[in-house]
Amino acid sequence: MAEALLVVEGLNTVLNTSEGTVRAVTDVSVEIGKGEIVGIVGESGCGKSMTVMSIMGLVPSPPGEVTGGRVMFDGTDLRTLSGAEMQKTRGRRIGMIFQDPMTFLNPVLTIESQISEMLRHHLNLTKAERRERVIDLLRRVRIPDPARVVASYPHQLSGGMRQRILIATAISCDPELIIADEPTTALDVTVQAQILELLKEIIHDMGSSLLLITHDLGVVAETCDRVYVMYAGKVVEEAPVDELFRTPKHPYTQGLLASILRADERRDELYALDGTVPNLVDVPVGCAFVDRCAKATAICETAGPGWTRNSDVSGVACWNYET
Amino acid sequence: MKGYRVTSKVLPGTRAVVEKSAANPARLSSIRYVALKVLSALPMLLGVIVVNFVLIHLAPGDPVSVLVGETEPTPEQLAELYQKLGLDKSVGRQFLEYVGSILRGDLGYSYVLQNDVLGLILNRVPATLSLMLTSLIVFTVVGVLLAIIVARHPKSLIDRGGSALAVIGYSVPAFWLAQIILLVFALQLRWFPTNGMTNSRYTYEGWAYFTDVLHHLILPASVLGMRYLAINFRYARAAMRDALSQDYIVAARAKGLPEKRIVFHAFRNGILPVITVFGLNVTDILAGSILTEIVFGWPGIGRLMYDAMYARDYPLLMGIFIFVSIGIIITNLLIDIVYSLFDPRVRLK
């Protein structure tokens, strides 16, 4: 693995709700090397988004609260930074791309002002410099007719165009790390592929790293170098992408892979994982996956599995994983 | 944290695009929007004139018989009067002449006050506008500012307290509040005059005149504005809280923008319902200003209307109706245009 850029260790985030404390993120450790593309995959509600919000220091409080762990970014623990220092890191050194490009763009401000404001606050560029850089960024994300698009508003653009705008915003200050939270989920399949291709290319050109959050293993296969699988707020498996697809170890990962439809296979029946993610207010004592797991044994009910490291870059949290 | 600079080079050919972008094509849609709005106001104006015309004709009694009163004119004299007043012509003809006279700015003649109606109204316009607009604008701005502060601390003591006060603020009837305020601030404390727009013992000019009017203005404007302070506070608070919970605010935070800028993002959206409500309030405040003008002896249009009603001065009343209606249509037109400046989405639909 390349030199580490972001090292998250033992991250814990809870949500204090009226029904009790929701353990949204439990002991999550994630590492991203310089120039690497790393995926976090898991179904809705497994804590992917809360993990990135915790990294960015953007967990809404109340009800959220980061209760422990370290977020080492380029040698500094982001959790120890003051609000002002964190503000200079967000957007400037860590760019973020969101899921729904309609709601994450301000409907009443022009595209130019929404990109330009970052250049003003982080880079102190003059008005003319900002105009030039905004147009340059729009060209970089391959927006046709950027001279017209700068003056337009989000509702005047298509979904794919808006997602390109979000990417342009995220890369506007040449950040070392980009976090993309489900960047293609709201888009048509054809547009998805274009956006992923663009994202990979841009990350490669800038020499930055990408942390890609998705529920779509297809996206992971196309884009990532390494991947973390999350379930019920915990990382259950970590592996390089080809290894994960070739020899998945955790029963949950196996289940996810088995439910993918492939063009080169004929199936009479679709496979689906039974059950849903457990309620994170009353976390089970044992393994969180036990109720849905085909390989569960007695110990799975009573104790959570520890982390078994298989190599430098792979590991699994399961009592009965496949070797 | 160590220093960090932007390293990416500008793509070749960007310069040319930047120069091209200087010509902004977005203006065209704004001009078209304004033109459309102005055109759509015209039928409304016509509607107001028609309603006013019908009202005059529905009014009981024959205008000529009112004019002649107890005297007993000959049929020839009556016919001459009808002809002189144009009442011998067809209804359609009369309507066209009515429209023509309004277009010329002729709103009729008040026999009670022996004066031209338009002149009488225009005389009162500065007093009413200074009361209405000061009150509406100052208290709307204050209400919105308070809401912005409060929206950032939801469920705090000032949030709850402010909301409770706001409910009281718009429940209290203006005539009652006016008398209480008069009793306390004018009669007991003697900080402000009880009545009028200027001190009639002196004839001030320039700056002294301005401060004298301001001194007289504070009490009536506060009574009139209390309601709008409360309404705008509630609207803006809800709108700001809604805006602050939107995804684009999360995005703005993720961009590392300062808090000031984040509030600006919310404000640009939260102000929209306030603009709409402002338009409604302009109409609403007219009713309030009649009461306030009467209690405080303010020489405005509301007072004029009140006097006209007591004197059964129909030409003057009708003149005020049409003048006020046109004023409201124009105000709403302006509000629509201002709204479109704040919300680009309405411009293209």
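The values are calculated or read from the model by the stated rules, or taken from the named source; none is laboratory data. Quantities reported herein were computed from a predicted structural model and do not represent experimental measurements. Using ideal geometry, Cβ is built from the backbone for each residue, glycine included, and neighbour counts are taken over all protein chains shown. Surface accessibility is based on the protein's heavy atoms, side chains included, excluding ligands, DNA and RNA. Shrake-Rupley method; radii C 1.70, N 1.55, O 1.52, S 1.80 Å.
Taking the mean number of other Cβ atoms within 10 Å as a proxy for protection, how do you rank B:137-150, B:332-345, B:178-191 from highest to lowest?
With the highest mean Cβ count within 10 Å placed first, the list reads B:137-150, B:332-345, B:178-191.
Beyond 12 Å, what share of the Cα-Cα pairs of the stretch B:210-257 is found? Please give it as a whole percent.
72 percent
Given Cα pairs under 8 Å that are at least 6 residues apart, what percent is the relative contact order of the stretch B:34-171?
Worked out over the stretch B:34-171, it gives 9 percent.
Rule-of-thumb check for the stretch A:38-105: C-alpha Rg over 2.2 N^0.38 Å?
That works out to 1.18 for the stretch A:38-105.
With unit charges on the beta carbons (Lys and Arg positive, Asp and Glu negative) and the dipole taken about the Cα centre of the protein assembly as shown, which residue among B:G300, B:A287, B:F53 sits farthest to the positive side?
Selected residue: B:G300.
Just tell me how shielded B:88-96 is by partners: mean number of partner chain Cβ atoms within 10 Å of each residue's Cβ, no decimals. Don't jump to the answer; show the numbers that get you there.
Numbers: counts 0, 0, 0, 0, 0, 0, 0, 0, 0.
The shielding value for this peptide is 0.
What accessible surface, in Å², does a 1.4 Å probe find on B:Y98, ignoring ligands, DNA and RNA and rounding to the nearest 10?
About 40 Å², ignoring ligands and nucleic acids.
Only four residue types carry charge here, +1 at the Cβ of Lys and Arg and -1 at the Cβ of Asp and Glu. Report the dipole size of chain B about the Cα centre in Debye, rounded to the nearest 20.
3060 debye
Give the accessible surface of the protein assembly as shown per residue, rounded to a whole number of Å², with probe radius 1.4 Å and ligands, DNA and RNA excluded.
Heavy-atom SASA per residue in the protein assembly as shown reads 50 Å².
Sorted by average packing, counted as other Cβ atoms within 10 angstrom per residue and highest first, what order do A:218-227, A:182-191 take?
In descending order of packing, they fall as A:218-227, A:182-191.
In degrees between 0 and 90, to the nearest 10, how far off the longest principal axis of chain B does helix B:259-295 point, with axes built from Cα atoms?
Rounded to the nearest ten degrees, it is 20.
What does the structure give for B:244-251 when I average, per residue, the other chain Cβ atoms found within 10 Å of the residue Cβ?
Taking all residues of B:244-251 together, the mean is 6.
Whole Å is fine, so just give me how far the alpha carbon centre of the stretch B:138-160 lies from that of the stretch A:42-67.
Their Cα centres are 29 Å away from one another.
Using only C-alpha positions, report the orientation-averaged shadow area of the convex hull of the protein assembly as shown, nm², one decimal.
43.7 nm²
From the residues B:A186, B:V213, B:Y228, which one has its Cα farthest along the dipole of chain B in the positive direction, the dipole being from +1 and -1 charges on Cβ of Lys/Arg and Asp/Glu about the Cα centre?
Comparing the listed Cα positions along the dipole, B:Y228 ranks first.
Below 8 Å between Cα atoms, with a sequence gap of 6+, how large is the relative contact order for chain B in percent?
Result for chain B is 25 percent.
Am I reading the A/B interface right? What is its buried accessible area, both sides, 1.4 Å probe, to the nearest 100 Å²? Mind dumping the intermediate values first?
Working: alone 15390 and 22170 Å², together 33570 Å².
When A and B are taken together, about 4000 Å² of accessible area is lost.
In whole percent, and with a 1.4 Å probe on the protein chains, what portion of the accessible area of the stretch B:120-224 is carbon and sulfur? Please report the intermediate quantities before stating the final value.
Values: 4360 of 6330 Å².
Of the solvent-accessible surface of the stretch B:120-224, carbon and sulfur hold 69 percent.
How about the stretch B:76-139: which trypsin sites (Lys or Arg not before Pro) there lie in a loop by DSSP and see at most 14 other Cβ atoms within 10 Å?
Those that pass, being in a loop and sparsely packed, are B:K89, B:R104.
Would you mind checking the radius of gyration and Dmax of the stretch B:52-126 based on alpha-carbon positions, in Å?
So, for the stretch B:52-126, Rg and Dmax equal 14.3, 46 Å respectively.
Just tell me how shielded A:202-210 is by partners: mean number of partner chain Cβ atoms within 10 Å of each residue's Cβ, no decimals. Please list the in-between numbers first.
On the way: counts 1, 0, 0, 1, 2, 2, 0, 0, 0.
Per-residue shielding by partner chains comes out at 1.
Considering only DSSP beta bridges with both partners in the protein assembly as shown, what is the antiparallel share in %, to the nearest 5?
65 percent
If you bin the C-alpha pair distances of the stretch B:175-286 every 5 Å from 0, what whole percents do you get?
Bins of 5 Å from zero give 2, 10, 14, 13, 11, 11, 10, 10, 8, 6, 3, 1, 0 percent of pairs.
For the Cα atoms of chain B, what angle does the longest principal axis make with the long axis of helix B:206-244, in degrees from 0 to 90, nearest 10?
50 degrees
Defining a contact as two alpha carbons under 8 Å apart and six or more residues distant in sequence, what relative contact order in percent does chain A show?
21 percent
For chain B, just the Cα atoms, rotate onto the principal axes and tell me the three extents in Å, largest first.
104, 61, 39
At q = 0.08, 0.10, 0.14 Å⁻¹, what log₁₀ I(q)/I(0) does a Debye calculation on the Cα points of chain A give, no solvent, two decimals?
Relative scattering, expressed as log10 I(q)/I(0), comes to -0.39, -0.60, -1.14.
Using unit Cβ charges (K, R positive; D, E negative) and no other charged atoms, how large, in debye to the nearest 20, is the dipole of chain A about its Cα centre? Before the final figure, lay out each step's value.
Details: 31 positive and 43 negative charges, 194 e Å.
Dipole about the Cα centre, nearest 20: 940 debye.
How much of B:Y209 can a 1.4 Å solvent probe reach, expressed as accessible area in Å² and rounded to 10?
We get 100 Å² for B:Y209.
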